[in-house]
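Scroll down for the structure; my scribbles are underneath it.
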Amino acid sequence: MKMKDLKFGPQLIATLLVLCFCYTYAVAEVKKQTKKTFIIQMDKSNMPATYYDHFQWYDSSLKSVSESADMLYTYNNIIHGFSTQLTPDEAELLEKQSGILSVLPEMIYKLHTTHTPEFLGLGKSDAVLLPASASLSEVIVGVLDTGVWPEIKSFGDTGLGPIPSTWKGSCQVGKNFNSSSCNRKLIGAQYFSKGYEAAFGPIDETMESKSPRDDDGHGTHTATTAAGSAVSGASLFGYASGIARGMATEARVAAYKVCWLGGCFSSDILAAMEKAVADGVNVMSMSIGGGLSDYTRDTVAIGAFRAAAQGILVSCSAGNGGPSPGSLSNVAPWITTVGAGTLDRDFPAFVSLGDGKKYSGISLYSGKPLSDSLVPLVYAGNVSNSTSGSLCMTGTLIPAQVAGKIVICDRGGNSRVQKGLVVKDSGGLGMILANTELYGEELVADAHLLPTAAVGLRTANAIKNYAFLDPKPMGTIASGGTKLGVEPSPVVAAFSSRGPNLVTPEVLKPDLIAPGVNILAGWTGGAGPTGLTNDKRHVEFNIISGTSMSCPHVSGLAALIKAAHQDWSPAAIKSALMTTAYATYKNGENLLDVATGQPSTPFDYGAGHVNPVAALDPGLVYDATVDDYISFFCALNYSASDIKQITTKDFICDSSKKYSLGDLNYPSFSVPLQTASGKEGGDGVKSTVKYTRTLTNVGAPATYKVSMTSQTTSVKMLVEPESLSFAKEYEKKSYTVTFTATSMPSGTNSFAHLEWSDGKHVVRSPIAFSWT
């Protein structure tokens, strides 16, 4: 039938018109309702005279593009402006208005998810080197995370004096959280959820607490790692037993809950940073991260800059994207970016096979053990109804072929503990968690729900070969408790995100590494140690891993240094931590990378592994001011508007002056080079480049002499002058380093280090070369 032959009666036509109208209206409604959160930064100094305050100006600017929009937050310390929900068209209109510095879309960040003080050299024998308790108790560590579980002993305030007079914060009341939940240790707790609720709707209080209470555990763990009180008899099911204490046991904790089931939203994070600055914190610890972007588009970087400008050190996790190169987050030079290393402690589990061979792995299983008798062993891929069955995903195992057996599950695809639950629900007796090529020899301990041994790649392949070749493979699993003195240690964790810095290659990141594998710290009463809904076990301490765990170690250590040197800037504290870090073992060999089994590099560990006792007396520091960072922005060719967006300062770069990224007074060096035979480009890619640094004496008068070592002969290094004499404290002296490259294949990296020493102190800086 042809279209011209169709007959349309009046009733049909009316029906079609109604349907067309409804469809058009529905599409319009969807378009109308497509709003997202934006953070609007205003140029406070350019408020029109017609307004009597900034809030009126903000509201008028917003209402000019959207009558129905309300402000979620107003910001007055970290930035000047507000956050709100707008359509993309409304946001574009607003950005064109006079007085608007930027309109940034909401970003969703994610969490980067004891024996440690002794491992770091903070045992009782070193107490004489640590700051007096009175000065340490004046230091406040602000933790932006999932909140806190205030009842645990790690937040006990026995022996602590009055709350510091500098504290201006509060203890916010909410579901299951009263003003009495705070004390002289946990001096403040607040939550920030407006951005999260704007995206997902009102918080379901049957699922999570609309209060500072931590239902997840992550925030309690990070807060107590940084500054938890000492608790005797701590352990997880008997593992890692001993005294659990934070890095700065007498510092105060202020908790800012910014992370929820749906993630951590930048408008909430910025509001919390703003409040933390106003409250009077000295250190800000943030074990969260997102994607990389230019500093002018990175709200966390902008907030961290404003905090640092007011004397607050901001410590952030590097991310868990390792060992992939360039996987870092939080790379701004005013942020202390922390990667993860291991401790000298392990939790062995042993696998015995039917052929008599025995292998070791790792586990924190604490329930009923398997018998010594061997039981059948199967590979998950052979007892599954799925092409991805080897991963032990939910619903993929065939119970009739799993019941009464130990199942070999490949790592990846779902959480490690979830795999064990899948095996258990299918009738399995135990699990061997097998690393694949992606994970190599990295082992992370978990509090599994059935007998489990997690094994490295080589062991996994050996066990699989036995299971494939033996007609009746058998095995069993046994726990080995807690083992101390593991060597070598530390090693760089495979998951720890790596350099180079993709935003600014001339700034070496991460800055340093700290313990981040199998860390014991406080835990929530709202979740079991695995975090699975099926896990009904309740613990006061848990052992977990991630750069989320290494970050608060450095935050707490920064609090120690702040207490000992109250007038030091955040840059000076970071410098002390970096230049005293170590990158070799006692035998002189480089720290190993567990991902490869080979020596690691500054792209893996930055300046090295933190050494807090040495950091308390570094001799010299590389300090940096707001003006130094402004010159850095000029070297990035930032406009006056860009600079004001980050710094709030009116500044126009001098067009007659040559700004260099290599002149940022940073404690490490990253040198992108192009060989002499290549085409010379912009700053940082010539065959010869010169970097300038300035050192500040924070010790007694002394003369420091320079030395250098290098892995390559393809770069010549010249330091001028070769010695620096300091006659008094806080005296400053500058030097230059000229790097001249010869032929080297494109894409090649090489490393060196530079040291200044007076015979007592060694001020060490790593150098990373990359050829383009």
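Counting only DSSP beta bridges with both residues in the chain, tell me the antiparallel percent, nearest 5. Restricted to the chain, the bridges split so that about 65 percent are antiparallel. Give the residue from 517, 438, 462 lying farthest towards the positive end of the charge dipole for region 410-561; charges sit on Cβ (+1 for Lys and Arg, -1 for Asp and Glu) and the dipole is referred to the Cα centre. Among 517, 438, 462, the one farthest towards the positive end of the dipole of region 410-561 is 462.
Kirkwood analysis of the Cα pair distances in region 369-463 returns a hydrodynamic radius of 12.9 Å. Peptides 615-622, 494-501, ordered by how many other C-beta atoms sit within 10 Å of their residues on average, highest first, read 494-501, 615-622. Within region 298-422, DSSP assigns beta bridges of which about 55% are antiparallel (rounded to the nearest 5). Enumerate the lysines that residue 185 could reach by cross-link, defined here as Cα to Cα under 24 Å, with residues fewer than 8 away along the same chain left out. Counting by Cα, and skipping residues close in sequence, residue 185 has these lysines nearby: 124, 153, 168, 175, 210, 257, 275, 562. Derived from the Cα gyration tensor, the three semi-axes of the equivalent ellipsoid of region 246-304 are 22, 14, 12 Å, largest first. Split the accessible area of the chain by element, probe 1.4 Å, and carbon with sulfur accounts for 54%. Sorting 627-633, 452-458, 638-644 by their mean Cβ neighbour count within 10 Å, with the most densely packed peptide first, gives 452-458, 627-633, 638-644. With R₀ fixed at 60 Å, the C-beta to C-beta distance from residue 585 to residue 207 puts the FRET efficiency at about 0.80.
The sum of -39500 (n - 2.57) across all DSSP H runs of n ≥ 4, divided by the residue count of the chain, sets its helix-only mean residue ellipticity at 222 nm to -6500 deg cm²/dmol.
In a solvent-free Debye calculation with one equal scatterer on each Cα, what is log10 I(q)/I(0) for region 179-238 at q = 0.28 Å⁻¹, listed in the order of the q values? Here the Debye-derived log intensity ratios amount to -1.29.
Sparsely packed loop sites in region 542-631 (the trypsin sites (Lys or Arg not before Pro) outside DSSP H, G, I, E and B with at most 12 other Cβ atoms within 10 Å) comprise 586.
A Stokes-Einstein calculation at 10 °C with viscosity 1.306 mPa s, built on the Kirkwood radius of the chain over Cα pairs, returns a diffusion coefficient of 57 µm²/s.
Each Cα pair under 8 Å and six or more residues apart adds its sequence gap; the mean of these over the residue count of region 441-540 is a relative contact order of 22 percent. Rounded to the nearest whole Hz, the Karplus-based 3J(HN,Hα) values (6.51 cos²θ - 1.76 cosθ + 1.60, θ = phi - 60°) of region 183-190 follow the sequence 8, 7, 8, 8, 7, x, 7, 9, with x at glycine and proline.
Cross-link pairs exceeding 25 Å between alpha carbons, from the set 574/733; 644/733; 358/419: 644/733. Think of region 609-666 as having a plus end and a minus end, set by charges on the Cβ of Lys, Arg, Asp and Glu; of 610, 625, 648, 648 sits farthest toward the positive end of this dipole. Under a model in which nothing but the beta-carbon of Lys, Arg (+1) and Asp, Glu (-1) is charged, the chain shows a dipole of about 1000 debye around its Cα centre. Karplus-derived 3J(HN,Hα) values for region 373-378, using 6.51 cos²θ - 1.76 cosθ + 1.60 with θ = phi - 60°, are 5, 6, 10, x, 10, 9 Hz; glycine and proline are entered as x. Rolling a 1.4 Å probe over the heavy atoms of the protein chains gives the chain an accessible area of 40 Å² per residue. Packing order of peptides 416-423, 602-609, 165-172, highest average first: 602-609, 416-423, 165-172 (average count of other Cβ atoms within 10 Å over each peptide's residues).
The values are calculated or read from the model by the stated rules, or taken from the named source; none is laboratory data. This structure is a prediction, so every number in the text was calculated from the model and none was measured. A quick note on method: Cβ atoms are made from the backbone with ideal geometry, for glycine too, and the neighbour counts reach across all protein chains shown. Heavy atoms of the whole protein, side chains included, go into the accessibility calculation; ligands, DNA and RNA do not. Shrake-Rupley method; radii C 1.70, N 1.55, O 1.52, S 1.80 Å.
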